[in-house]
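Everything on this sheet refers to the single structure shown next.
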Amino acid sequence: MNIEEKVRKTLAELGVNGAQGVESLFAELQKSAEAERAQLIARGAPNQAQAEKLGKALRDRWLARNGGLLSQVDEYWLKPAGKDLKPAVGRQFNELRRFTGELEFDRLIQALPLHKEACPPTELPLASAAVRPAPRDLTLPGLRRPLGSIHPVTRMQREIEDIFLRLGFWIESGPEIESIYYHFDALNIPESHPSRDDWDTFYVDSKTVLRAHTSPVQIRAMEKYGAPLYIIIPGKCYRHDNPDSTHSPMFHQIEGLAIDKDITFADLKGTLDFFAKMLFGEKVRTRFQPSFFPFTEPSGEVAVSCFVCDGQGCRVCKQSGWIELMGCGMVHPQVLRNGGIDPDKYCGWAFGLGVDRFAMVKHDINDIQLFFQGDVRFLEQFG
Ligand SMILES: [Zn+2]
């Protein structure tokens, strides 16, 4: 029985009643499709018109909506398949569709070698081609696979990294599964702090969490390198947030830390102002407002004047003229001490920002979920 006959019989009629039988049936089809393509290439065509005709014929034989081999597989194998076989048949059918799609029968038109004394133009061989493997032409172009592009969050992260690398910071990283000590205690976060609550932090066990911020790496880096220290810490963080347009249980942070002798809040302001101008344009201004974090004292929130409306008020800045960017502050003396650095000799400042949020602001994206859904229609806009 050749494949044309097989695709016009149901699986029951073919005596196939297990996943293994389904697999080998589909494997036979894949082999045939590949062999027919190779055979056509080996034969070539006497002229361009004939090449087009042959390429189209092969495409139609497999993929035509009415009467193509795949449509018959759908009709005779997939649709009538019993409950137990349906998942296996469906999976294999999708795989076959993908495979035949990648064979790009249409593009054979360009690839077919033209030669004057080609065999007379005949219709495609309808007998099972799988039994006659054709020689491969190694000079033909390979199968084309679409090129990806850099994810907008990665792109944003690299842009931010580049600015700080130019300022003399280096990149440091740490574990995403972190101990309670590095995550809370060493950062001066008291037992009573709400972020210790199960509802904010994912606990692996009573002493281990999925990190909710990149700050534990501050302590690890202080222990490892001592002072002076200029680092940025990019990485994934996790919080017990329900996904909505501004929250995601997994998100990306970049944290910066500078420790040296005689550095002040003025250095922090100058650095972040420079950073904002590099990222959003020379014209933006920065605004610092007091805030509170357990690991910095004093602490501040940084906003940048809206780079879209120049502070006049628009949709991007929600009519306020300002866009909240990040938190920052002077490193708490106890945190320095916890990292093994003498706060009487050294001081430091730090800041932390959400990379996803930066990418949303910069590209005017209104839903953080778009970053993580893998929808090509969204992602290819950033190619
Ligand atoms: Zn605005």
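The values are calculated or read from the model by the stated rules, or taken from the named source; none is laboratory data. Since the model is a prediction, treat every value here as computed from it, not as a measurement. Virtual Cβ from ideal backbone geometry, glycine too; neighbours counted across all protein chains shown.
Output yes when any residue across the stretch 32-46 is farther than 22 Å from residue 142 by Cα and loosely packed, with under 15 Cβ neighbours inside 10 Å, and no when none is. No: zero hits.
Every residue, every condition in (1) exposed (fewer than 14 other Cβ atoms within 10 Å of the Cβ); (2) touching a residue at least 24 places away in the same chain (Cβ under 8 Å); (3) among the aliphatic types (A, V, I, L, M), yes or no:
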{"site": "62", "(1), (2), (3)": "no, yes, no"}
{"site": "69", "(1), (2), (3)": "no, yes, yes"}
{"site": "77", "(1), (2), (3)": "no, yes, no"}
{"site": "85", "(1), (2), (3)": "no, yes, yes"}
{"site": "103", "(1), (2), (3)": "no, yes, yes"}
{"site": "106", "(1), (2), (3)": "yes, yes, no"}
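Go through the stretch 16-68 and count every residue that is outside any helix (DSSP H, G or I) and farther than 19 Å from residue 108 by Cβ.
If we filter the stretch 16-68 for residues that are outside any helix (DSSP H, G or I), which is where we start, we get 16-18, 44-47, 64-68.
Add one more test, that the residue is farther than 19 Å from residue 108 by Cβ, and what stays is 16-18, 65-67.
Matching residues across the stretch 16-68 total 6.
Among the residues of the stretch 279-289, is there at least one that is among the hydrophobic types (A, V, I, L, M, F, W, C), closer than 17 Å to residue 324 by Cα, surrounded by fewer than 21 Cβ atoms within 10 Å (Cβ to Cβ) and more than 31 Å from the chain's Cα centre (by Cα)? Scanning the stretch 279-289 turns up at least one residue that is among the hydrophobic types (A, V, I, L, M, F, W, C), closer than 17 Å to residue 324 by Cα, surrounded by fewer than 21 Cβ atoms within 10 Å (Cβ to Cβ) and more than 31 Å from the chain's Cα centre (by Cα). When every residue of the stretch 349-362 is checked against the conditions, at least one turns out to be over 29 Å from the mean Cα position of the chain (by Cα) and not polar (S, T, N, Q).
Can you say whether residue 329 is small (Gly, Ala, Ser) and either surrounded by 14 or more Cβ atoms within 10 Å (Cβ to Cβ) or closer than 17 Å to residue 169 by Cβ (or both), as far as the supplied structure shows?
Numbers: small (Gly, Ala, Ser): yes; either surrounded by 14 or more Cβ atoms within 10 Å (Cβ to Cβ) or closer than 17 Å to residue 169 by Cβ (or both): yes.
Considered against the rule, which asks whether it is small (Gly, Ala, Ser) and either surrounded by 14 or more Cβ atoms within 10 Å (Cβ to Cβ) or closer than 17 Å to residue 169 by Cβ (or both), residue 329 comes out as yes.
Restricting the first member to the stretch 324-336 and to residues that are among the charged types (D, E, K, R), and the second to residues that are part of a strand (DSSP E or B), the beta-carbon pairs closer than 8 Å and six or more apart or on different chains are 324/301; 324/302; 324/303.
Checking each residue in the stretch 1-30 for being among the hydroxyl-bearing types (Ser, Thr, Tyr) and free of Cβ contacts under 8 Å to residues at least 60 places away in the same chain picks out only 24. Among what's in the stretch 78-128 and is among the aliphatic types (A, V, I, L, M) and over 42 Å from the mean Cα position of the chain (by Cα), pick the residue that is modelled with the lowest pLDDT. The qualifying residue modelled with the lowest pLDDT is 118. Listed by position, the strands (runs of 3 or more DSSP E) inside the stretch 274-383 whose residues that are within 16 Å of the ligand (Cβ to nearest atom) and in contact with a helix residue (DSSP H, G or I) (Cβ under 8 Å, 6 or more places away or on another chain) number at least 2 are 322-331. Residues of the stretch 329-366 that are of a type outside the set (Gly, Ala, Ser) and at positive phi: 364 alone.
Selection of the stretch 252-273 for residues being surrounded by 13 or more Cβ atoms within 10 Å (Cβ to Cβ), among the charged types (D, E, K, R) and not in a helix (DSSP H, G or I) yields 255, 260.
The condition of being of a type in the set (A, V, I, L, M, F, W, C) and farther than 27 Å from residue 225 by Cβ holds for only one of 163, 177, 150, that being 150.
Apart from one condition, residue 9 fits all of (1) assigned to a helix (DSSP H, G or I); (2) at pLDDT 90 or above; the exception is (1).
Can you pull out every residue in the stretch 46-66 that is small (Gly, Ala, Ser) and touching a strand residue (DSSP E or B) at 6+ places or on another chain (Cβ under 6 Å)?
From the stretch 46-66, those small (Gly, Ala, Ser) are 49, 51, 55, 57, 64; that's our starting set.
Residue satisfying the conditions is 51 alone.
Determine, yes or no, whether residue 62 is in contact with a Gly (Cβ under 8 Å, 6 or more places away or on another chain), under 20 Å from residue 31 (Cβ atoms) and either modelled with pLDDT under 90 or of a type outside the set (Gly, Ala, Ser) (or both). So residue 62 fits the description; yes.
Is there a residue being under 41 Å from the mean Cα position of the chain (by Cα) and free of Cβ contacts under 8 Å to residues at least 60 places away in the same chain anywhere in the stretch 31-42? No.
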